[in-house]
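Here is the structure we will look at, set down as structure tokens.
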Amino acid sequence: MKWWTDAVGYEVYIRSFADSNGDGIGDFAGLTSRLDHLAWLGIDVVWVTPFYPSPQADFGYDVSDYTGVDPAYGNLGDFDRFVGRAHELGLRVMIDIVPNHTSSDHPWFRQALADPSSPQRQYYIFRPPAPDGGPPNNWLSHFGGPAWTRDEASGEYYCHLFLPDQPDLDWANPAVRTEFDAILGFWLERGADGFRIDVAHALSKHPDLPDNPQNRPLPPDPTPGQAFAAFDHAHDLGQEASNDIYRRWKSLPGAESAVLVGEVYIQDVEKSASYMGVGGLDLCLFFGLNRRPWDATAFVDEIREWSEASPDGFAWTIASHDENRPPTRFGGGDLGRARALAIWTLLGSLPGLPFLYQGEELALEDAHVSPEHVQDPVGHEAYAEGRDPCRTPMPWDATAHGGFTTGEPWLTSAPRRPEETVEAQRRDPGSHLHLFQDLIATRKRLADRRRGVVEWLPAPPGVALLLTGSVLTMANLDDRPVTVQLPAGDWQPEFDTRRGDLPDVRSNVQLPPASARVYTAV
Ligand code: NOJ
């Protein structure tokens with residue numbers, strides 16, 4: 001059995017987790033001092049977002065040195081102490097690796113610009129202009145505009161699927177593969193237990209770089225997202241060849257037992273599922289409910305479809321540092337919180353590896369960031385609300401800035417309410433935090449009973465009824481109470497998002513709106 005089989009993961013956005021030195025930026029020493037919170041919660045795997053030296057054009061997803069620590073976050077000694085403490089507490093460490101692109105400040109790219117005949121030029125995708133002098137093809141950047149920027153010195157263009165400050169590496173070049181073997185090896189030796197692979201579906205491009213077919217007309221004045229979605233990304237994303245890279249990584253010394261979790265952001269179930277197993281990845285992050293309006297029926301169907309396509313292949317998430325927080329997306333207030341917890345209860349019963357994003361255990365909604373305080377460089381261009389509202393500092397206690405820093409936080413936002421903090425919720429056994437701890441404990445406690453067939457039983461639209469071994473999970477995402485028909489037998493309650501004092505049941509159950517429960521066969 002893989003070590004992550006029954007595990008629960010937690011994403012730490014390091015910049016906003018805990019600051020130890022008062023510079024307003026979260027760091028490794030701060031994170032280490034707060035690991036007890038994660039251990040108490042029942043977490044097994046901590047995913048840390050990029051902490052490498054970086055000009056921070058995309059807050060760390062623009063790496064200028066893959067084997068260092070940005071001074072804002074500490075140094076390699078701080079990283080080692082973090083890993084040591086995490087391991088002492090029984091937590092595994094998954095680091096975020098960014099192989100699709102480097103920073104334009106990376107020495108490889110600087111060399112590539114300075115000397116077009118250098119080997120480093122071949123690390124990137126430089127091409128002559130199209131006959132009209134424009135970009136070599138019609139590919140677009142996720143963050144807006146063409147995926148090509150002209151290098152004035154040589155007249156060639158280089159490819160970047162994100163910012164111009166994030167030039168894409170050419171993974172067809174064996175030298176790039178060799179460089180990354182060493183980078184992964186470096187972190188494995190320092191104790192990393194796995195990697196979250198940024199934009200794992202984009203590393204390999206079609207060798208001829210053909211135009212992507214356009215599948216719908218562009219609306220007038222399109223947002224970057226609308227423009228991107230108007231194309232079938234047949235040639236820039238989702239190429240089979242990426243799988244060779246992950247298979248290769250899996251065979252690196254020490255990597256066999258490491259978990260490889262791909263950020264495979266393609267809304268195609270079959271294609272996503274193909275990355276697992278022979279595809280080389282252990283898990284793909286699930287994005288099925290992101291950036292979609294609330295729709296109880298569609299959400300249940302989506303989770304079912306993905307789970308059936310690869311029963312233990314998804315890293316289930318509904319929150320991250322890129323998305324509005326779930327309670328906000330799902331209607332806000334108590335309703336949004338109840339819906340988010342009901343969905344998480346369902347995901348937490350599935351095989352695969354569910355991930356919480358920092359603050360999700362507190363049921364945080366998006367924080368308010370006023371326009372003059374926006375930090376995300378691509379915020380308002382590529383994302384309707386920007387990504388700052390989900391990236392604000394973690395509220396630990398009722399002191400200034402939620403106990404995140406003794407200085408001024410790097411991202412200014414409206415203060416959190418006292419009852420939103422870790423400290424207040426730890427004191428209150430009726431808090432969302434305690435519910436989450438209970439939910440995670442339930443996943444662990446029932447691990448053996450969940451083994452066996454995963455079966456989605458008939459249920460009304462917007463309702464999930466899931467049998468995993470002898471564990472029955474039900475989630476009603478609908479706005480009305482429903483009657484759920486149970487399989488034969490007596491069922492004993494194990495967890496209820498509403499903390500009801502529930503009796504054993506047989507034949508059917510009345511399930512309130514926006515709620516979920518877990519039962520086991522008696
Ligand atoms: C996905 C990361 O989660 C996001 O924050 C980043 O902007 C892009 N990849 C580009 O690296």
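Bear in mind that the values in this text are calculations on the coordinates, not laboratory data. No experiment lies behind these values; they were computed from the predicted model shown. Glycine also receives a Cβ, built like all others from the backbone with ideal geometry; neighbour counts cover every protein chain displayed.
With point charges of +1 on the Cβ of Lys and Arg and -1 on the Cβ of Asp and Glu, referenced to the Cα centre of the chain, which listed residue (Asn476, Asn508, Pro107) lies farthest in the positive direction of the dipole?
Toward the positive end, the furthest listed residue is Asn508.
Report the extension gain between Glu179 and Asp479 in nm, rounded to one decimal, defined as 0.36 nm multiplied by the number of residues separating them, less their alpha carbon distance.
Difference between extended and current length: 102.7 nm.
Which angle from 0 to 90°, rounded to the nearest 10, does the C-alpha axis of helix 296-309 make with the longest principal axis of the chain?
70
Pulled fully out, how much extra length does the chain show between Met1 and Arg248, if you take 0.36 nm times their separation in residues and subtract their Cα-Cα distance?
86.8 nm
Mind checking which of Ala400, Pro326, Val176 is farthest towards the positive end of the chain's charge dipole, using Cβ charges of +1 (Lys, Arg) and -1 (Asp, Glu) about the Cα centre?
Farthest towards the positive pole: Pro326.
Could you check the spin-label model distance between Asp23 and Ala298? Points 7 Å from the Cα along Cα→Cβ, value in nm.
4.4
In which sequence would Glu323, Glu240, Glu372, Glu423 go, from the one with the fewest C-beta neighbours within 10 Å to the one with the most?
Glu372, Glu240, Glu423, Glu323
Given Cα positions, please report Rg to Rh for segment 307-412, the hydrodynamic radius being the Kirkwood one.
For segment 307-412, the value is 1.02.
For the chain, the longest stretch holding no chymotrypsin sites (Phe, Trp or Tyr not before Pro) located in a DSSP loop with at most 15 other Cβ atoms within 10 Å is which?
No qualifying site falls inside 4-293, the longest such stretch.
Among the lysines, which have Cα under 22 Å from the Cα of Lys444 when same-chain residues fewer than 8 positions away are ignored?
Lys2
Please pull out the direction-averaged projected area of segment 397-522, using the convex hull of its alpha-carbon atoms, in nm² to one decimal place.
10.2
Where does the chain land at 222 nm, in deg cm²/dmol rounded to the nearest 500, when only DSSP H runs of n ≥ 4 count, each adding -39500 (n - 2.57), divided by all residues?
Counting only the DSSP helices, I get -7000 deg cm²/dmol.
Kirkwood-based Rg over Rh for segment 1-132 (C-alpha set), two decimals?
With Rh from the inverse mean 1/r over Cα pairs, Rg/Rh is 1.10.
Going by Cα centres, segment 18-87 and segment 308-379 are how many Å apart?
Cα centroid to Cα centroid, the span is 21 Å.
When each pair of different Cα atoms in the chain is counted once in the 1/r mean, what is the Kirkwood radius in angstroms, to one decimal?
Hydrodynamic radius (Kirkwood, Cα only) of the chain equals 23.9 Å.
Find how much the distance from Ala441 to Gln510 grows on full extension, using 0.36 nm per residue of separation minus their present alpha carbon separation; answer in nm with one decimal.
22.4 nm
Can you tell me the alpha carbon radius of gyration of segment 52-190 divided by the globular rule-of-thumb value 2.2 N^0.38 Å?
1.19
Check the straight Cα-Cα distances from Lys205 and name the aspartates and glutamates below 17 Å, setting aside those fewer than 8 residues away within the same chain.
Once the sequence-local aspartates and glutamates are set aside, what remains near Lys205 is Asp168, Asp170, Asp232, Asp236, Glu240, Asp244, Glu263.
Taking one equal scatterer on every alpha-carbon of segment 212-352, how large is log10 of I(q)/I(0) by Debye at q = 0.09, 0.22 1/Å?
One equal scatterer on each Cα of segment 212-352 leads to -0.34, -1.33.
Per residue of segment 98-114, what does 6.51 cos²θ - 1.76 cosθ + 1.60 with θ = phi - 60° give for ³J(HN,Hα)? Whole Hz please, x for Gly and Pro, Karplus curve as stated.
My calculation for segment 98-114 gives 10, x, 6, 8, 9, 7, 5, 8, 5, x, 4, 6, 4, 5, 4, 6, 5 Hz in order.
How large is the dipole of the chain about the Cα centre if only Lys and Arg carry +1 and Asp and Glu carry -1, each at its Cβ, rounded to the nearest 20 debye?
The dipole magnitude comes to about 1340 debye.
Mind checking segment 190-233 for trypsin sites (Lys or Arg not before Pro) that DSSP puts in a loop (not H, G, I, E or B) and that have at most 14 other Cβ atoms within 10 Å?
When the trypsin sites (Lys or Arg not before Pro) of segment 190-233 are filtered for loop state and at most 14 Cβ neighbours within 10 Å, Arg190 remain.
Restricting to the chain, compute how many DSSP beta bridges are antiparallel as a %, nearest 5.
Looking only at bridges with both residues in the chain, the antiparallel portion is about 60 percent.
Based on the alpha carbons, how large is the Rg to Rh ratio for segment 182-261 when Rh follows Kirkwood?
Taking Rh as the inverse mean 1/r over Cα pairs, Rg/Rh reads 1.15.
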